[in-house]
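Just below is one structure, and these are the notes that go with it.
The values are calculated or read from the model by the stated rules, or taken from the named source; none is laboratory data. Computed from a predicted structure; not experimentally measured. Cβ coordinates were reconstructed from backbone atoms using ideal geometry, including for glycine residues, and neighbour counts include every protein chain displayed.
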Amino acid sequence: MTAEVDPGPAPEPRTVPRVYKGYRIEALVFLGTAFFFAIVLGVYWFTSYEHAGSVMLLMTVFLGLIPGSYLFWWGMKRGGDMPARAEDSDEAELEDGAGTVGAFPSSSIWPFCMGVSAAVVCLALVFGAWLGILGGAGVVATLIGYTMESRRGGYI
């Protein structure tokens, strides 16, 4: 016969609030990416002696280093008094994460016109300055049209 041991009462659930550490996880993801590509850059530089790939890997290092250092700095500076986000809380409801929904513009032709005008400006590098003047006028006209439409709230 085996004696049954009474486990006693169930432990109380943990009620100690978690300390919010700012943007620490996000910063570590970006900084880890920068660190990884810095190692790849060093290996690539010393094994290939190729400049274009090394510059691209250097830009990739900066791609992780710039936002990572910013998030790390922001988390350290304001980590103590930064309010916890809703997605970091286990007791959060769906409504807690909903923010203010702003006004969205209606569909418009002006962004397409801006893209075409910008493409004409870029083509000026190939075909000549006269195309740049034409594209620049298109960019200015597009900016005016888009601004007027956004202020009036309708189509022009």
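Taking (1) under 20 Å from the mean Cα position of the chain (by Cα); (2) modelled with pLDDT under 95; (3) in a helix (DSSP H, G or I) in turn, T33 satisfies each apart from (2). Just one of the listed residues (T147, T142) is in a helix (DSSP H, G or I), among the β-branched types (V, I, T) and surrounded by 16 or more Cβ atoms within 10 Å (Cβ to Cβ), and it is T142.
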